[in-house]
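Notes follow once the structure below has been shown.
The values are calculated or read from the model by the stated rules, or taken from the named source; none is laboratory data. In this text the structure is predicted, and so the values were computed from the model without any measurement. All Cβ positions, even for glycine, are placed from backbone atoms using ideal geometry, and neighbour counts span all protein chains on display. Just the protein is used for accessible areas: all its heavy atoms, side chains included, with ligands, DNA and RNA removed. Shrake-Rupley method; radii C 1.70, N 1.55, O 1.52, S 1.80 Å.
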Amino acid sequence: QRVKRAVQILRKEGWAGIKYHFHLVRDKERGKEENCRKEYDIYHIREEDYDRFRKADHPEPIEFKESREPLVSIIIYNQAVYTYYCLKSISKHTECIDYEIIVGDDCSADITLEMEKWARGIGIIHHKENCQFVKNCNRVSKKARGKYIVFLNNDTQVQQGWLKALVDVMEKDPNVGLTGAKLIYPDGLVQEAGGIVWQDAHVLQYGNGRQAGEKELNELREADYISGAAIMLRRKLWEEIGGFDERFVPAYYEDVDLAFQVRERGYKVVYQPRAEVVHFEGITEMLDERRKMEIEKNREMFLEKWKRTLAKEHFMAKDYPEAVRNMRKYC
């Protein structure tokens, strides 16, 4: 199987591609030797949950204490089954921080329409049109009152201490404009520990498929970008930037672009490994041709927008070892 894969890479990407993938596989294999797999607290979603939510059989209500002066505004995109368990994880694992939650309902046909009955103490905005992810976040964020804004995918489940870990980064260093979490697959392996952007605007989810306890993946450091599934920004900076660039609608590369805009204004983008968030969609989503075309279109748009920065400050994929060494200098 590996030989077949190597031949495919050689034909498509040449020897530079072989070198790149060799180093990725080597890092993954080396990580396995540490035997540092971690277990996570997950609400497992069952098939009957989908039927129950579609039939408007309301689940047990989740109660949140409303904050008059929240430090953090957590903004969540909608879809009832995942949103419900995302909210349960926030309620269970978020302590010591005053926060508000705002959910953007994007023309749902499920019991999100009646979310007020099963999610109390949060803000809910029901859109009359399908805004999709980027526009939804931009619109909902205008209601945020916190000093910091968190964008959290609804198909996530946060782990103990996640929010305090993100706030700590911001509070300790005023030069940090954006920070984000370690994303974990439901099987306990890493989806992303900060991201690398190559000169051609392709991206690497650093640490993908590796064990969550590996030393290299648990160092506070700067990153080229952090996946928008779980990121925190200073609200004033977010407003200064003007939100996600809506040229990237409906999604893809808007989070990479945001990180570049943060750095362009003199702020740092920092990966916080102590904020751990389980992300469900990342392991199950199969990209159809339409989505692949959307990603490629947005990659080309991003490349055109940032080509000078990419050429001057970023590595080529074949220089993966050097890129990783450079990244770790900022630990």
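Points to keep in mind about this one:
- Residue within region 195-204 that is more than 18 Å from the chain's Cα centre (by Cα) and open to solvent by 40 Å² or more (accessible area, probe 1.4 Å) present: yes
- Condition broken by residue 54, with the remaining ones in (1) open to solvent by less than 20 Å² (accessible area, probe 1.4 Å); (2) at pLDDT below 90 satisfied: (1)
- Residue in region 274-281 that is open to solvent by 80 Å² or more (accessible area, probe 1.4 Å), under 30 Å from residue 174 (Cβ atoms) and not β-branched (Val, Ile, Thr) present: yes
- Of the set (1) open to solvent by 10 Å² or more (accessible area, probe 1.4 Å); (2) not in a loop (DSSP other than H, G, I, E, B), all apply to residue 130 but (2).
- Count of region 65-90 residues which are assigned to a helix (DSSP H, G or I), open to solvent by 10 Å² or more (accessible area, probe 1.4 Å) and over 23 Å from residue 132 (Cα atoms): 1
- Residue match in region 30-41 (condition: modelled with pLDDT of 70 or more, part of a helix (DSSP H, G or I) and open to solvent by less than 100 Å² (accessible area, probe 1.4 Å)): yes
- Within the set 288, 319, the sole residue that is open to solvent by less than 50 Å² (accessible area, probe 1.4 Å), free of Cβ contacts under 8 Å to residues at least 24 places away in the same chain and not polar (S, T, N, Q) turns out to be 319.
- Of 187, 224, all but one fail to be closer than 30 Å to residue 264 by Cβ and among the acidic types (Asp, Glu); the exception is 224.
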